[in-house]
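Engineer: I have a structure here, written as structure tokens, and I will follow up with some questions on it.
The values are calculated or read from the model by the stated rules, or taken from the named source; none is laboratory data. Here the structure is a predicted model, which is why all the values come from computation and not from measurement. Cβ atoms come from the backbone with ideal geometry, glycine included; neighbour counts cover every protein chain shown.
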Amino acid sequence: MEKVLIIGSGPAGLTAAIYAARANLSPICIEGLVAGGIPGGQLMITTEVENYPGFPEGIKGPELMKHFRDQAERFGTRFVTADVDRVDFSGSPFKVWADDQEYQARTIIISTGAKARWLELDSEQKLQNRGVSACATCDGYFFRDQDVCVVGGGDTAMEEAVYLAGLCKSVTVIHRRDTLRASKIMQERAMKHPKIKFLWNAVVTEVLDVSKGTVTGVRIQNTVSGEEFVHPCQGLFIAIGHVPNTQVFSDWLTFDDLGYIVTKPGTVETNIPGVFAAGDVQDHVWRQAITAAGTGCMAAMSAERWMAAQDL
């Protein structure tokens, strides 16, 4: 019988593990994420991280996550490298199955994260972290005074475009339709910005140039005329949404319209007492390593207090 079982090993899960371990709760962390995710989370496919406090020279994403994991392990966190197959949250103790092994726990912390939606282009995948990104806040600084493109038409795309316009020489928004899905205020903000322009009825069919190992432009196809042309740029930001890794919890937890786990305002509590959610799996607004780590801390402390209140 485990006191705390953590599902997911990104910044949220490992921070929860550190806090739980230091509270003598002997946490166990199942670090293989649901839906075939990556142990260590999205930072494992990130190159330079320059906005995490404490690293003035920056740090590689995988290296940062190794620090997180080593610290959690130092205080006694046990790790299981496996994918969660199913869960049973019908009552205490909660049950979790990973690779056909059953685990039982008094409390559960879900930190399975989310993954960015991509265009699913071969060239896009080959140039990830070489000019292709899904996070302007994370990577925009590397494109100061350069020309970049943003793919998308929702609020996230407009927010990314406005943010990048404060850093870059120019920002071109590429949208497959001739109207935006973004809220009116975000549309106006982007359209009024002198550095932002739009390519309407346009889709990216190829990211150039894989042979050079860096982004030099994008091949665009007009969805109405079928015309193709190359638009030069040095960076491409994909802003077409994220998908939370929540499928395995669908029978038990409350989700919002986007599929993210709903937590009570100001807390990390789910609709099931004793089950907590932290990080990107319940946050579609900020999606930063530091905010994920903060909610991981909240989850561990909440689990400890919940068990104390239940005399567990």
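Engineer: Does the range 266-281 contain at least one residue that is in contact with a Pro (Cβ under 7 Å, 6 or more places away or on another chain) and of a type in the set (Val, Ile, Thr)?
Structural biologist: Checking the range 266-281: at least one residue is in contact with a Pro (Cβ under 7 Å, 6 or more places away or on another chain) and of a type in the set (Val, Ile, Thr).
Engineer: Can you tell me which residue within the range 272-306, out of those that are more than 16 Å from Thr107 (Cα to Cα) and acidic (Asp, Glu), is surrounded by the most Cβ atoms within 10 Å (Cβ to Cβ)?
Structural biologist: Ranking the candidates gives Asp280 first.
Engineer: Any residue in the range 73-94 that is closer than 26 Å to Arg219 by Cβ and either part of a helix (DSSP H, G or I) or not small (Gly, Ala, Ser) (or both)?
Structural biologist: no
Engineer: Give me a count of the residues in the range 255-270 that are out of contact with any strand residue (DSSP E or B) (no Cβ under 9 Å at 6 or more places or on another chain) and of a type outside the set (Gly, Ala, Ser).
Structural biologist: 4
Engineer: Is it the case that Val204 is closer than 19 Å to Ser133 by Cα and assigned by TED's automatic domain parsing to the domain that holds Arg177?
Structural biologist: yes
Engineer: How many residues does the range 279-312 contain that are hydrophobic (A, V, I, L, M, F, W, C) and over 28 Å from Ala239 (Cα atoms)?
Structural biologist: Residues in the range 279-312 being hydrophobic (A, V, I, L, M, F, W, C) and over 28 Å from Ala239 (Cα atoms): 11 in total.
Engineer: When the residues of the range 113-146 are narrowed to those that are among the polar types (S, T, N, Q) and touching a residue at least 24 places away in the same chain (Cβ under 8 Å), which ends up farthest from Met44 (Cα to Cα)?
Structural biologist: Step by step, filter the range 113-146, then rank; the result is Gln146.
Engineer: Another one. Here is a check on your reading of the model: is Gln104 exposed (fewer than 15 other Cβ atoms within 10 Å of the Cβ) and part of a strand (DSSP E or B)?
Structural biologist: Criteria met by Gln104.
Engineer: Here is a follow-up. Out of (1) assigned by TED's automatic domain parsing to the domain that holds Thr179; (2) without any contact (Cβ under 8 Å) to a residue 24 or more places away in the chain; (3) not hydrophobic (A, V, I, L, M, F, W, C), the odd one out for Asp251 is which?
Structural biologist: Of the numbered conditions (1) assigned by TED's automatic domain parsing to the domain that holds Thr179; (2) without any contact (Cβ under 8 Å) to a residue 24 or more places away in the chain; (3) not hydrophobic (A, V, I, L, M, F, W, C), the odd one out for Asp251 is (1).
Engineer: Looking at (1) part of a strand (DSSP E or B); (2) modelled with pLDDT of 95 or more, which one does Met298 not meet, given that it meets all the others?
Structural biologist: The number of the failed condition is (1).
Engineer: Follow-up. Name the residues in the range 283-298 that are free of Cβ contacts under 8 Å to residues at least 40 places away in the same chain and either acidic (Asp, Glu) or under 22 Å from Ala98 (Cβ atoms) (or both), would you?
Structural biologist: The one that is free of Cβ contacts under 8 Å to residues at least 40 places away in the same chain and either acidic (Asp, Glu) or under 22 Å from Ala98 (Cβ atoms) (or both): Asp283.
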